[in-house]
Amino acid sequence: MRREPLDMQAVAITRGVNLDDTDWTGKDLKGVAFQQSVLRNCNFRGVNLFSASFFDADLAGSKFNDANMKLVNLEMADLSNADLRGADLTQAYMAGAVIKDLKLIDDTDWTDVDMRKDQRKYVCGLESAKGKNPTTGVETRDSLACPD
């Protein structure tokens, strides 16, 4: 059962809040801080998350299809089974993010994403590390600087 999200015009910080199963489709959440919040199985499809913070947030199973995730802070966030297809992660900060079960990254732009070498190696090894981002036109593998 999907829950209605909070009115983010009135709320800019959701530290430590449980927002499981909320649907944020098409919202403008630029700069919103979801730090240490629980956001499992949420729908962020087409959302503007420019410079939002998901520091230490649980994002397992959430969908970020075609989301603007430029400059997003994903430090220590759990992205297990998240769907990032078509997302623009340009200059996102991912050091310490849990990505071990990340599988769906087709058409994602990873240009200048700050991540550890082992994280980059893992993502480059994914079968879905292919395609071209629909917004930026950048090839996924090129943006990851994967060795071919």
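Among Arg40, Arg85, Arg45, Arg15, which is the only one that is in a loop (DSSP other than H, G, I, E, B), at pLDDT below 95 and open to solvent by 50 Å² or more (accessible area, probe 1.4 Å)? Before the answer, list the steps.
Working: Arg40 fails: at pLDDT below 95; Arg85 fails: at pLDDT below 95; Arg45 fails: at pLDDT below 95.
Within the list Arg40, Arg85, Arg45, Arg15, the selection yields Arg15.
Looking at (1) surrounded by fewer than 23 Cβ atoms within 10 Å (Cβ to Cβ); (2) without any contact (Cβ under 8 Å) to a residue 24 or more places away in the chain; (3) not hydroxyl-bearing (Ser, Thr, Tyr), can you tell me which one Leu126 breaks?
Failed condition: (2).
Being open to solvent by less than 100 Å² (accessible area, probe 1.4 Å), in a loop (DSSP other than H, G, I, E, B) and hydroxyl-bearing (Ser, Thr, Tyr) is the filter here, so list the residues in region 129-148 that pass it. Spell out the reasoning first.
Initially, region 129-148 is screened for residues open to solvent by less than 100 Å² (accessible area, probe 1.4 Å), giving 129, 131, 133-134, 136-141, 143-146.
If we keep only those that are in a loop (DSSP other than H, G, I, E, B) as well, we get 129, 131, 133-134, 136-138, 145-146.
Within region 129-148, Thr136 is the sole residue that qualifies.
Here is a check on your reading of the model: is Asp56 over 11 Å from the mean Cα position of the chain (by Cα), in a loop (DSSP other than H, G, I, E, B), at pLDDT 95 or above and surrounded by 18 or more Cβ atoms within 10 Å (Cβ to Cβ)?
Working: over 11 Å from the mean Cα position of the chain (by Cα): yes; in a loop (DSSP other than H, G, I, E, B): yes; at pLDDT 95 or above: yes; surrounded by 18 or more Cβ atoms within 10 Å (Cβ to Cβ): yes.
Against the criterion (over 11 Å from the mean Cα position of the chain (by Cα), in a loop (DSSP other than H, G, I, E, B), at pLDDT 95 or above and surrounded by 18 or more Cβ atoms within 10 Å (Cβ to Cβ)), Asp56 qualifies.
Which of the residues belonging to region 102-123 are closer than 20 Å to Ser51 by Cβ and either buried (at least 17 other Cβ atoms within 10 Å of the Cβ) or among the polar types (S, T, N, Q) (or both)? Steps first, answer last, please.
So the first thing to find is which residues in region 102-123 are closer than 20 Å to Ser51 by Cβ, and the list is 108-115.
Listed by number, the residues that qualify are Thr108, Asp109, Trp110, Thr111, Val113, Met115.
The values are calculated or read from the model by the stated rules, or taken from the named source; none is laboratory data. Quick caveat, the model's predicted, so the values are computed rather than measured. Please note: Cβ atoms are built from the backbone with ideal geometry, for glycine as well, and neighbour counts cover all protein chains shown. Note: areas computed on protein heavy atoms with side chains; ligands, DNA, RNA excluded. Shrake-Rupley method; radii C 1.70, N 1.55, O 1.52, S 1.80 Å.
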